[in-house]
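> Dropping a structure here in structure tokens format, bear with me for questions.
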Amino acid sequence: MQKLEDIWNEVIRRAETTDALFCIFKKRGGKTQFIASNASQLSGYTSNTDGFILSSFEDGELKMIPNDHTFDLNSADDATRFHLYLQNRKPVGANPCGCPSPYDSQNLEISSTSTESYERSFGSVKKKLDSKEASKIVLSARHSIPTEKSSFEIFSNIESKDSYEFAYLLHLPNGETWIGNTPEILLQKSGDSYSTISLAGTIANDGKQQWHEKEIREQKVVTDYITERLKSVDSNINVGATHSKPAGLIQHLCTDISFTSTESLSSLIGLLHPTPAVLGSPTSTALSAIKEAESHKRELYSGVVGFQSKSNDEANIFVNLRCGKLKNNILTLFAGGGIMPDSTKDNEWKEVQMKFESIKRAFFE
């Protein structure tokens, strides 16, 4: 008899050849949830709807996948229900049998950031830092790899680990599937009570490295930014002690922050995101420098992902890090790092590669 996991893997592979709009997600310590929408495109955000929330880095506009259908991965009957749901979806230029599509090896080079490209980008942002136009600029890179693994197999592997705050699989009507296991909380809401974290600075999680002044300053920029922004909404802010937060092969400096507010969730997301952790400081200068320096679009990387439950007056929103886009058996990973005035190209490139290795280990090992 076919295993239930294999049944789901097969039907989700088939779903990825259609314009189906669905997501599977789990926050740390929570239950896995699986929802799908009847729509063939993302909806605008509304505060009175249960569903998955996301935004891209480029436009920042909040979108939603309304919870039109709920499925249980532990149910064979629900696998059948999901299959019936797919019968009303349209194909999207992929192999209609649900079989893996061949990948184009040339696309791997085109979509990956080369050492030379990163060097040019680093030089561009370093000029802004040397001229004191900015104190920090976050520079990202892409790394594409071929894989025969399905998105569901990758998500199942992530889910079995404990190195994330939020893990998700998101399929969009254009045929892209995004997978991620981010360590960064943007907002967790329960009624009028909220919590967030200031997360920045990266070293290996091997017990051999110590935090240096560069990482400490980099993380403090983020903490100061968040607390100053929250003061504008007269929040009752409580800032905890800074500590190390493991995330697979790497670790970050983290400060827990809690507050209360009667502002809307969307307003608070707009108030805090993007933080200097994914952008830099000052934010307007950093954003301009990123657009000038980076040769690729970040798309959903460093945007937001999460979900809200109107009935429980709860929401869990995360910064979309440690993620990748899967299409035609090519997985494009995204990672970045904060460039400071005393940063060196070689060290920053090594940090980005370390992050790519951490993502690959979480996804595949």
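> From G51, G44, grab the single residue that is under 18 Å from the mean Cα position of the chain (by Cα), within 30 Å of L287 (Cα to Cα) and among the small types (G, A, S). I'd like the intermediate steps shown before the answer.
Values: G44 fails: under 18 Å from the mean Cα position of the chain (by Cα).
Going through G51, G44 in turn, the sole match is G51.
> Mind checking which residues of segment 1-54 are among the aromatic types (F, W, Y) and in contact (Cβ under 8 Å) with a residue 60 or more places away in the chain?
Filtering segment 1-54 down to residues among the aromatic types (F, W, Y) leaves 8, 22, 25, 34, 45, 52.
W8, F22, F25, Y45, F52, listed by residue number.
> Of all residues in segment 1-37, how many are touching a Pro at 6+ places or on another chain (Cβ under 8 Å) and assigned to a loop (DSSP other than H, G, I, E, B)?
3
> Hey, can you tell me all the residues within segment 318-348 that are over 19 Å from I158 (Cβ atoms), buried (at least 22 other Cβ atoms within 10 Å of the Cβ) and β-branched (V, I, T)?
I339
> Can you tell me which residue is nearest to T283 (Cα to Cα) among those in segment 324-364 that are of a type in the set (F, W, Y) and more than 15 Å from the chain's Cα centre (by Cα)?
Looking only at segment 324-364, we keep the residues that are of a type in the set (F, W, Y), and these are 334, 349, 356, 363-364.
Checking the rest, the ones that are also more than 15 Å from the chain's Cα centre (by Cα) come to 349, 364.
On the way: W349: 22, F364: 35 Å.
It comes out as W349.
> A follow-up question, please. Going by the conditions given, is G51 surrounded by fewer than 15 Cβ atoms within 10 Å (Cβ to Cβ) and touching a strand residue (DSSP E or B) at 6+ places or on another chain (Cβ under 7 Å)?
Values: surrounded by fewer than 15 Cβ atoms within 10 Å (Cβ to Cβ): no; touching a strand residue (DSSP E or B) at 6+ places or on another chain (Cβ under 7 Å): yes.
Considered against the rule, which asks whether it is surrounded by fewer than 15 Cβ atoms within 10 Å (Cβ to Cβ) and touching a strand residue (DSSP E or B) at 6+ places or on another chain (Cβ under 7 Å), G51 comes out as no.
> Which of the residues spanning segment 54-73 are under 14 Å from L300 (Cα atoms) and surrounded by 15 or more Cβ atoms within 10 Å (Cβ to Cβ)?
Within segment 54-73, the subset under 14 Å from L300 (Cα atoms) is 54-64.
Within segment 54-73, L54, S55, S56, F57, L62, K63, M64 qualify.
> I'm checking my understanding of the structure. Among residues of segment 143-162 that are in contact with a helix residue (DSSP H, G or I) (Cβ under 6 Å, 6 or more places away or on another chain) and hydroxyl-bearing (S, T, Y), which one is farthest from A247 (Cα to Cα)?
Here the residue is S150.
> If you don't mind, another one. Among the numbered criteria (1) touching a strand residue (DSSP E or B) at 6+ places or on another chain (Cβ under 7 Å); (2) more than 21 Å from I65 (Cβ to Cβ); (3) not polar (S, T, N, Q), which one does D342 miss?
Failing condition for D342: (1).
> (1) exposed (fewer than 15 other Cβ atoms within 10 Å of the Cβ); (2) of a type in the set (S, T, N, Q); (3) touching a residue at least 24 places away in the same chain (Cβ under 8 Å): which one isn't true of N238, the others all being true?
(3)
> Also: Could you tell me how many of the residues in segment 324-359 are on the phi > 0 side of the Ramachandran plot and in contact with a Gly (Cβ under 9 Å, 6 or more places away or on another chain)?
Within segment 324-359, the subset on the phi > 0 side of the Ramachandran plot is 328-329.
Adding the requirement that they be in contact with a Gly (Cβ under 9 Å, 6 or more places away or on another chain) leaves 328.
Final tally of qualifying residues: 1.
> E351 versus (1) surrounded by fewer than 18 Cβ atoms within 10 Å (Cβ to Cβ); (2) assigned to a helix (DSSP H, G or I): which is the lone unmet condition?
All conditions pass for E351, except number (1).
> A further question on this structure: Is it the case, given these coordinates, that L333 is closer than 18 Å to L170 by Cα and in contact with a Lys or Arg (Cβ under 8 Å, 6 or more places away or on another chain)? Break it down stepwise before answering.
Numbers: closer than 18 Å to L170 by Cα: yes; in contact with a Lys or Arg (Cβ under 8 Å, 6 or more places away or on another chain): yes.
Spelling it out, L333 is indeed closer than 18 Å to L170 by Cα and in contact with a Lys or Arg (Cβ under 8 Å, 6 or more places away or on another chain).
> Something else: With the requirement that a residue be in contact with a strand residue (DSSP E or B) (Cβ under 7 Å, 6 or more places away or on another chain), more than 20 Å from H296 (Cβ to Cβ) and either at pLDDT 95 or above or not polar (S, T, N, Q) (or both), what does segment 89-144 give you?
Within segment 89-144, R89, K90, P91, V92, L129, A134, K136 meet the criteria.
> Of everything in segment 275-302, what is assigned to a loop (DSSP other than H, G, I, E, B), crowded, with 24+ Cβ neighbours inside 10 Å and of a type outside the set (V, I, T)? Give them in sequence order. Give the steps one after another, and end with the answer.
Of segment 275-302, the ones assigned to a loop (DSSP other than H, G, I, E, B) are 275-279, 282, 294-302.
Now drop any that are not crowded, with 24+ Cβ neighbours inside 10 Å, which leaves 275-279, 301-302.
Matches in segment 275-302: P276, A277, L279, Y301, S302.
> Looking at F363, F259, F318, which is the one that is in contact (Cβ under 8 Å) with a residue 60 or more places away in the chain, among the aromatic types (F, W, Y) and assigned to a helix (DSSP H, G or I)? Show your work before the answer.
Working: F259 fails: assigned to a helix (DSSP H, G or I); F318 fails: assigned to a helix (DSSP H, G or I).
Only one candidate qualifies: F363.
> Take segment 243-256 and flag every residue that is closer than 17 Å to G338 by Cβ and in contact (Cβ under 8 Å) with a residue 40 or more places away in the chain.
So in segment 243-256, the residues closer than 17 Å to G338 by Cβ come out as 244-245, 247, 250-255.
Once the filter is applied, which keeps residues that are closer than 17 Å to G338 by Cβ and in contact (Cβ under 8 Å) with a residue 40 or more places away in the chain, segment 243-256 yields K245, A247, I250, Q251, H252, L253, C254, T255.
> Across segment 278-304, which residue is nearest to the chain's Cα centre (by Cα) among those that are under 23 Å from S111 (Cα atoms) and of a type in the set (V, I, T)?
V304
> Tell me whether segment 174-187 contains one or more residues that are assigned to a strand (DSSP E or B), in contact (Cβ under 8 Å) with a residue 24 or more places away in the chain and aromatic (F, W, Y). Working first, answer last.
Looking only at segment 174-187, we keep the residues that are assigned to a strand (DSSP E or B), and these are 177-182, 185-187.
Adding the requirement that they be in contact (Cβ under 8 Å) with a residue 24 or more places away in the chain leaves 177-182, 185-187.
Filter once more, keeping what is aromatic (F, W, Y): 178.
Yes, there is a match, as at least one residue in segment 174-187 is assigned to a strand (DSSP E or B), in contact (Cβ under 8 Å) with a residue 24 or more places away in the chain and aromatic (F, W, Y).
The values are calculated or read from the model by the stated rules, or taken from the named source; none is laboratory data. Because the structure is predicted, anything quoted here is derived from the model rather than measured. All Cβ positions, even for glycine, are placed from backbone atoms using ideal geometry, and neighbour counts span all protein chains on display.
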